[in-house]
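Visitor: Right, I'll just put the structure down here and ask away after.
Quick note: the coordinates plus some simple rules give every number you see, no bench work behind them. Here the structure is a predicted model, which means the values were calculated and not measured. Quick reminder, even Gly has a Cβ in these numbers, built from the backbone with ideal geometry, and neighbours come from all protein chains shown.
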Amino acid sequence: MSDFLAIYVPLVVFFLGVGAIAHARLLERPAYRGWWGEYQVNLLLRLCLSSEYRVFTHALYPGKDEAKPTQVDHVVVSRYGLFVIENRCLKGSIVVDPTEPNTWVQTIGRRKNRVRNPLVQNYTAIKAVRQAIGGHASKISNYAVMSGSATFPDGWPPRVFGPWALLRKIQSKKTLILTRGQVLSICTALERGRIKGGYWATRKHIVRASTKSASRFEVR
């Protein structure tokens, strides 16, 4: 047994170290960072919410323009309502300017960037969900979840949460506003309406759709 441990434990430690380094490097890439952030939140919601809740993650729904499908990061369906959630994996320090609420100022070291308020982007997701389910608009709550290391020195904006705070917010809703039949109908509509495929499949769909849209305006 000791010989077995002497041979394989160093190998396991080595590969774990290599994996950790690769993960850290990949986090510098927006596509991977976005996938990782959504994966963390998806895992948390699925593990910590009871069977009363149904979670849809990274669903892609047709928009009004066929070439511009709408990506919905997370939808949680329950008898306590629908929760449409925009996921962002940001780092640095973020300040919200009250005079320009639609954009945030992100500071990373000496660099300052303007990033779009995810709650503004989430309105497009809400429209796509409404179109898919065909009603129950008043039963929808929209939130943004920050799964990265970003901080808000002036305090977190309303309806913007870290992963654990988002979980507690959803669980705090205790008033039943949908029947079991309505929940089943909504889940069926969301499942049927989505463009099939996992995270990377939906990203490819977006790229193809964008290319198709751009080709319509090429000068011939």
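Visitor: Please go through the stretch 165-186 and pick out each residue that is loosely packed, with under 14 Cβ neighbours inside 10 Å, charged (D, E, K, R) and touching a residue at least 60 places away in the same chain (Cβ under 8 Å).
Guide: Matches in the stretch 165-186: Lys174, Arg180.
Visitor: Among the numbered criteria (1) closer than 16 Å to Lys169 by Cβ; (2) touching a strand residue (DSSP E or B) at 6+ places or on another chain (Cβ under 9 Å), which single criterion is violated by Gln106?
Guide: (1)
Visitor: Hey, another quick one. I'd like the full set of residues that are within 21 Å of Glu38 (Cα to Cα), touching a residue at least 60 places away in the same chain (Cβ under 8 Å) and part of a strand (DSSP E or B), limited to the stretch 88-108. Talk me through it step by step, then tell me what you get.
Guide: Just the residues of the stretch 88-108 that are within 21 Å of Glu38 (Cα to Cα), to begin with: 88-94, 104, 106.
Within this subset, residues satisfying the condition of being touching a residue at least 60 places away in the same chain (Cβ under 8 Å) are 88, 90, 93.
Once the filter is applied, which keeps residues that are within 21 Å of Glu38 (Cα to Cα), touching a residue at least 60 places away in the same chain (Cβ under 8 Å) and part of a strand (DSSP E or B), the stretch 88-108 yields Arg88, Ser93.
Visitor: Same structure, new question: Which of the residues that make up the stretch 57-108 are surrounded by fewer than 16 Cβ atoms within 10 Å (Cβ to Cβ) and aliphatic (A, V, I, L, M)?
Guide: Ala67, Val95, Val105, Ile108
Visitor: Which residues, counting only those in the stretch 67-84, are within 20 Å of Thr175 (Cα to Cα) and in contact with an Asp or Glu (Cβ under 6 Å, 6 or more places away or on another chain)? Full working, then the answer.
Guide: Residues of the stretch 67-84 that are within 20 Å of Thr175 (Cα to Cα), as a first pass: 75-84.
If the condition is that a residue be within 20 Å of Thr175 (Cα to Cα) and in contact with an Asp or Glu (Cβ under 6 Å, 6 or more places away or on another chain), then Ser78 is the only one that fits.
Visitor: Restricting the stretch 123-174 to residues that are outside any helix (DSSP H, G or I) and basic (Lys, Arg), which is farthest from Gly37 (Cα to Cα)? Outline the logic, then answer.
Guide: At the first step, the residues of the stretch 123-174 found to be outside any helix (DSSP H, G or I) are 134-136, 140-162, 173-174.
After this cut, where a residue has to be basic (Lys, Arg) as well, the list is 159, 173-174.
Values: Arg159: 18, Lys173: 24, Lys174: 27 Å.
Applying the filter and picking the extreme gives Lys174.
Visitor: Could I ask something else about it? Step by step: first the residues of the stretch 109-122, then only those that are surrounded by 13 or more Cβ atoms within 10 Å (Cβ to Cβ) and assigned to a strand (DSSP E or B), then the one that is farthest from the chain's Cα centre (by Cα). Which residue is that?
Guide: By that ranking, first place goes to Asn113.
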